[in-house]
Amino acid sequence: MRQTLAALLLLCAMIGPARAQADLSAADRASIQGVITRQIDAFRHDDAEAAFAFAAPGIQGQSGTPERFLDMVRRAYPAVHRPRVVEFAALRLSDDGAIVQDVELVGPDGAFELARYTMERDAAGAWRIAGCTLVPSARVGT
């Protein structure tokens with residue numbers, strides 16, 4: 001009985017994220033990647049207004065102004081501000097149910113980092129970046 005219950009719980013844990021990803025259309029996936037790509041391009045050109053526009057309202061409220069947002073990214077997220085390489089990895093559902101797009105970056109120092117972009121829809125239904133967390137990447141290289 002315990003083995004059956006454990007197997008059922010494991011199956012449910014595996015189906016939840018798979019179902020959530022299946023609920024995202026190819027257009028949603030492309031839109032999420034497009035938003036991240038366009039924001040990174042805006043950072044590369046130090047276009048604070050454009051970069052800020054891709055942030056979710058919560059991030060915009062925390063930052064206050066596009067210039068403060070750009071300054072924060074420049075200081076705290078150099079791999080996002082000036083990546084040498086950008087490669088999209090898994091699009092997944094986090095433990096708390098958020099849509100997360102993993103992006104492998106090579107920062108200006110040549111170090112690999114994994115950027116975990118939390119995505120949300122705005123009131124108009126467009127995808128926006130609700131957060132980004134950098135963690136060391138399992139990848140190594142130059």
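A compact table of results
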{"item": "Cβ pairs under 6 Å, 6+ apart, first in segment 67-92 and in contact (Cβ under 8 Å) with a residue 60 or more places away in the chain, second assigned to a strand (DSSP E or B)", "result": "L91/Q101; R92/V100"}
{"item": "Selection within segment 69-98 - among the small types (G, A, S) and closer than 18 Å to M119 by Cβ", "result": "A89, A90, S94, G97, A98"}
{"item": "Which numbered condition D71 fails, given (1) closer than 22 Å to S31 by Cβ; (2) acidic (D, E); (3) assigned to a helix (DSSP H, G or I)", "result": "(1)"}
{"item": "Search result, residues across segment 99-126 that are of a type in the set (K, R) and surrounded by fewer than 18 Cβ atoms within 10 Å (Cβ to Cβ)", "result": "R121"}
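Read-outs: derived from the displayed coordinates by stated rules, not from any lab. This is a predicted model, so every value here is computed, not measured. As a convention, Cβ positions derive from the backbone with ideal geometry for all residues, glycine included, and neighbour counts pool all protein chains shown.
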